[in-house]
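Have a look at the structure below, then the notes.
The values are calculated or read from the model by the stated rules, or taken from the named source; none is laboratory data. Owing to the predicted nature of the structure, the values given are computational and were not obtained by experimental measurement. Backbone-built Cβ (ideal geometry, glycine too); neighbour counts: all protein chains shown.
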């Protein structure tokens, strides 16, 4: 590498500190300001949870009105849960696209299918399970305190 090559890279070194916080261990990831746009399904990243649920993150950030929002789609195999039932500060809406889900809320459960919506208020103990015999696809909209802090 020549001095000329090195000097051409110097401006890039300044960007390292400006990299997103998620690339810097130990630093919290502040929500980004969201802007209008289209999110094509085949371009969304695919991630798997430890329980085997397949998730496609769509967006995460702060709306112009100040609320933090996160949206993702999850696919669960029959009998599967994305994670154990839990409670958290943010609010969630779960919208079923395909399949049948069991919504567990404070120890009681109810089944719902395509077009159905479940609502989990802040602080309420809740969970989801695929109660059908086919994969279930659903969207989660989380609103409020950052649902995915680093």
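Would you check if there is a residue in segment 76-84 being surrounded by 15 or more Cβ atoms within 10 Å (Cβ to Cβ) and outside any loop (DSSP other than H, G, I, E, B)? Yes; the residues of segment 76-84 include at least one that is surrounded by 15 or more Cβ atoms within 10 Å (Cβ to Cβ) and outside any loop (DSSP other than H, G, I, E, B). If you go through segment 42-63 and keep only what is more than 16 Å from residue 144 (Cβ to Cβ) and in a loop (DSSP other than H, G, I, E, B), you end up with 44, 45, 46, 49, 50, 51, 52, 53. Scanning segment 106-145 for residues that are assigned to a loop (DSSP other than H, G, I, E, B) and either in contact with a helix residue (DSSP H, G or I) (Cβ under 6 Å, 6 or more places away or on another chain) or under 19 Å from residue 86 (Cβ atoms) (or both) yields 106, 107, 121, 122, 123, 124, 125, 131, 144, 145.
Can you say whether residue 110 is over 17 Å from residue 39 (Cβ atoms), free of Cβ contacts under 8 Å to residues at least 12 places away in the same chain and in contact with a strand residue (DSSP E or B) (Cβ under 7 Å, 6 or more places away or on another chain), as far as the supplied structure shows?
Yes, satisfied.
Scanning segment 89-105 for residues that are surrounded by fewer than 16 Cβ atoms within 10 Å (Cβ to Cβ) and assigned to a loop (DSSP other than H, G, I, E, B) yields a single hit, 89.
Output yes when any residue across segment 17-30 is at pLDDT 50 or above, out of contact with any strand residue (DSSP E or B) (no Cβ under 8 Å at 6 or more places or on another chain) and more than 27 Å from residue 82 (Cβ to Cβ), and no when none is. So far as segment 17-30 goes, yes, one or more of its residues are at pLDDT 50 or above, out of contact with any strand residue (DSSP E or B) (no Cβ under 8 Å at 6 or more places or on another chain) and more than 27 Å from residue 82 (Cβ to Cβ). Among the numbered conditions (1) buried (at least 18 other Cβ atoms within 10 Å of the Cβ); (2) within 23 Å of residue 133 (Cβ to Cβ), the only one that residue 52 does not meet is (1).
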